Amino acid sequence: MCGIVGYVGTRDAASIVFDALCRLEYRGYDSAGIAVLDSSGICTAKRKGRLAELSPLVKTLPRAGQAIGHTRWATHGAPSDINSHPHCDCTGDIVLVHNGIIENHRELRERLIAGGHVMKTEVDTEVVAHLIEEKYRGDLAAAVAEAARELEGAMAIAVIHRGEPGRIVAYREKSPLIIGLGEGENFLASDIPAILPYTRKFLALNDGEIGVITEEGVAVYRLEKGSGANGLVKVGDRQPMVVDLEPEAAEKGGFDHFMLKEIFEQPEALMKAVSGRIRDGRVKFEEGEFGFSDEDVRALNKVYLLGCGTAYHACLVGKHLIERLAGIPAEAVLASEFRYMEPLIPERTLVIAVSQSGETLDTLAAVREAKERGAWRTLAVVNQPLSSLTREVDDVLYQRAGPEISVASTKAYTTQLVCLAMVACHMGFVRGRISEDQARAFGQELRNLPEKALGALEAAGLMERLAVEIAKEEDVFFIGRGADYLAVMEGQLKLKEISYIHAEAYAAGELKHGTLALIAPGVPVIACLMDPELAPKTASNVMEVKARGGWVVAIGSQECLNQLQLGEKDVLVTVPDVNPLISPVVSVIAMQLLAYYVARERGTDIDKPRNLAKSVTVE
Ligand code: G6P
């Protein structure tokens, strides 16, 4: 995930910024760069690859007291030296780094180019530098404010201007940015761990705020339409917060484990996954990421979805979405089985490989097998830029979840679902299976998911309390129907992999065909009910469990849970209501939280569960 660092003071800024960027390495990146401002102008060093490769260039930068730096995780434009940040305007006087995605970069680029601006890259960030150049009339903060008004999307920006030495202007909208306060020096960073060795005093910028950082101090302004000279209103003194975290704890954002941090990052990750891909209410992929013409989409006969572990569970939901929305027969297959099942691949078959790491050997091998057997096109839904899988396939759709460090996958799953939902919705519209209004309504559902995910996270407290009881169990059963069945498959995997409790997921209707024999008094059954049409049937299955003395935890929307009549010990966990087709994105969050707190209760090694690895590169 991208990282931003800035420094103004009397020390060697390039070295401090480089050191701070190194502290963000754990977050993952594919390229990095630093710009230094001294009396002769702005010098920039940037390079694709690891910071170690940037290091020799940093040594050639002038020793001066002002610099900005960046680690990039590519979204627009492949990782390369030129696409790395910092980016500059036409004159080279304005230099900036940016985290996030500028959703309207295409329109702005066209307008600026028509106005005579010459751009060197495809990166959305470069457009921001040129936009600030267009607005600049001798005051950088005012120009940033004017530019910010025209920018759509999520962004944290740090800008310097050759004519305004000793000053960094920062702007934040939906992407984190904090200012670190020192003595005779000040800092800027997207993440506290970057600058923790230098200061423990921080000011957080809020959305829509501009910070002007100099050696002597910091001024914060709020961007408001129609007030003040540039619509900039000075924010009164804000009390700095003192962070008393050790660097390792800070990497986890103050959470005890990466898994919990990543669970809580889901609203942001979901927002990034759809950002710029749903425009005017419709799914419209960005250039180069979904290379299918409408004709290609109409010609498709079959879709295979291949993945392992959690990614396979995402494939199951993807199959459901593609069949329902696009009307194309689809099959989700475990990548490790695909090779041995002698798959029949009809003409014009699309193979979608789903993988967080893009390095899972079974998934790579399955894609090769599919190509050998004549798959027409291959598409990867992948999180890790430049991973092996991205080189094996025709097209790539990046999940943009940011690095996932915990072995148990959380935000990778939910962003995979959203990517597959966008693919299905786009295909359905192109093939005339869903109307424009239906496509827009579904697009809006996807845009609403970050907020719904936030609502689901409110279950944390209840799950923490419930975990005390579940942690005493040795067997837990999960049931659901339709998409809820797919969601509980992922829910049970979470519980088993990190708490080591034996967990099984069943289609609720299957209970009475065998598993009911295992339901004895006190056995916990977790039921998921997000679809009001299926809820009455699942409710009957819940009653079958109750009749045998089972203990029920029901996770679902209010409307569905209202259909249950439970006992005193049973627990209802209400999560936000959402289109049932995509409901696993919301319901799984409650199950992730439950798994996390149960594992914590049992004292397991949550981020690195026994016998498991994040990336499985063996068969
Ligand atoms: C391993 C990980 C899982 C992951 C699976 C597939 O088993 O522990 O969390 O779901 O691999 O990984 P991928 O990187 O292909 O999504």
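The values are calculated or read from the model by the stated rules, or taken from the named source; none is laboratory data. Because the structure is predicted, anything quoted here is derived from the model rather than measured. Every residue, glycine as well, gets a Cβ built from its backbone with ideal geometry; the counts of neighbours run over all protein chains shown. These accessible areas exclude ligands, DNA and RNA; they are computed on the full protein's heavy atoms, side chains included. Shrake-Rupley method; radii C 1.70, N 1.55, O 1.52, S 1.80 Å.
Annotation for E110 and V616: the two label points, set 7 Å from Cα along the Cα-Cβ direction, are 4.6 nm apart. Please work out whether the range 225-361 counts as rounded, prolate or oblate from its C-alpha gyration tensor, where a ≥ b ≥ c are the square roots of the eigenvalues and a/c under 1.5 means rounded, while otherwise a/b larger than b/c means prolate and anything else oblate? Verdict is oblate for the range 225-361.
Counting pairs of alpha carbon atoms under 8 Å apart in space and at least six apart in sequence, what relative contact order in percent does the range 365-518 give?
Values: 129 pairs, mean separation 20.3, N = 154.
Normalised by residue count, the contact order of the range 365-518 is 13 percent.
Cross-link partners of K319 among aspartates and glutamates, defined as those whose alpha carbon lies under 16 angstrom from its own and excluding same-chain residues fewer than eight positions apart: E331, D484, E490.
With the Cα gyration tensor of the range 3-241 giving a ≥ b ≥ c as the square roots of its eigenvalues, does the rule (a/c under 1.5 for rounded; else a/b larger than b/c for prolate; else oblate) give rounded, prolate or oblate? Walk me through the intermediate numbers first.
Values: a/c = 1.43, a/b = 1.05, b/c = 1.36.
Taking the square roots of the gyration eigenvalues as a ≥ b ≥ c, the range 3-241 is rounded.
Report the full-extension gain for the segment R298 to E372: residue separation times 0.36 nm, less the Cα-Cα distance, to one decimal in nm. Walk me through the numbers on the way to the answer.
On the way: separation 74, 0.36 × 74 = 26.64 nm, distance 2.33 nm.
Value of the extension gain: 24.3 nm.
As a test question: what accessible area, to the nearest 10 Å², does T410 have when a 1.4 Å probe is rolled over all protein chains in place? Probe radius 1.4 Å; accessible area of T410 about 0 Å². Taking the accessible area of the chain, probe 1.4 Å, and keeping the other protein chains in place, the carbon and sulfur fraction comes to 48%.
Excluding R282 itself, calculate the net charge of residues whose Cβ lies under 14 Å from the Cβ of R282, where each Lys or Arg counts +1 and each Asp or Glu counts -1.
On the way: positive: R277, R279, K284, R440, R447; negative: E103, D280, E286, D294, E436, D437, E445.
Cβ neighbours under 14 Å give a net charge of -2.
Its DSSP H runs of at least 4 residues, each contributing -39,500 (n - 2.57), put the calculated 222 nm mean residue ellipticity of the chain at -10500 deg cm²/dmol, to the nearest 500. Can you return the lysines within cross-link range of K48? Criterion is Cα-Cα under 22 Å, with same-chain partners fewer than 8 residues away left out. Cross-link targets: K59, K120.
Nearest 5 is fine: what % of DSSP beta bridges in the range 254-456 come out antiparallel, could you say? Working shown, then result.
Numbers: 2 of 22 bridges.
Among the beta bridges of the range 254-456, antiparallel pairing accounts for roughly 10 percent.
With R₀ fixed at 56 Å, the C-beta to C-beta distance from E323 to A52 puts the FRET efficiency at about 0.75.
With r as the distance between the Cβ atoms of E559 and A78 and R0 = 45 Å, compute the FRET efficiency 1/(1 + (r/R0)^6) and round to 0.05.
On the way: r = 45 Å, r/R0 = 1.01.
My answer for the efficiency is 0.50.
Report, in order of residue number, the helices in the chain meeting two criteria: a C-alpha extent of 20 Å or more along the helix axis, and a mean Kyte-Doolittle hydropathy of at least 0.0; treat each whole DSSP H run as one helix. Spell out each step's value before the answer.
Numbers: long enough: 411-430 (29 Å, 1.18); 436-457 (32 Å, -0.66); 483-499 (24 Å, 0.08); 584-602 (26 Å, 0.80).
The qualifying helices are 411-430, 483-499, 584-602.
Could you do me a favour and compute the accessible area per residue for the chain, 1.4 Å probe, result in Å²?
Values: 22780 Å² over 619 residues.
Result: 37 Å² of accessible area for each residue.
Multiply the residue separation of E215 and E451 by 0.36 nm, subtract the distance between their alpha-carbon atoms, and state the gained length in nm to one decimal. Show your work: numbers first, answer last.
Numbers: separation 236, 0.36 × 236 = 84.96 nm, distance 3.85 nm.
That works out to 81.1 nm of additional length.
For the range 120-193, the Cα gyration tensor yields ellipsoid semi-axes of 21, 17, 11 Å (square root of five times each eigenvalue, largest first, whole Å). In straight Cα distance, which lysines are under 21 Å from K272, not counting same-chain residues fewer than 8 positions off? Qualifying lysines at Cα under 21 Å: K174, K252, K261, K284, K411, K452. For the pair T10 and E544, the difference between a 0.36 nm per residue extended length and the Cα-Cα distance amounts to 185.0 nm.
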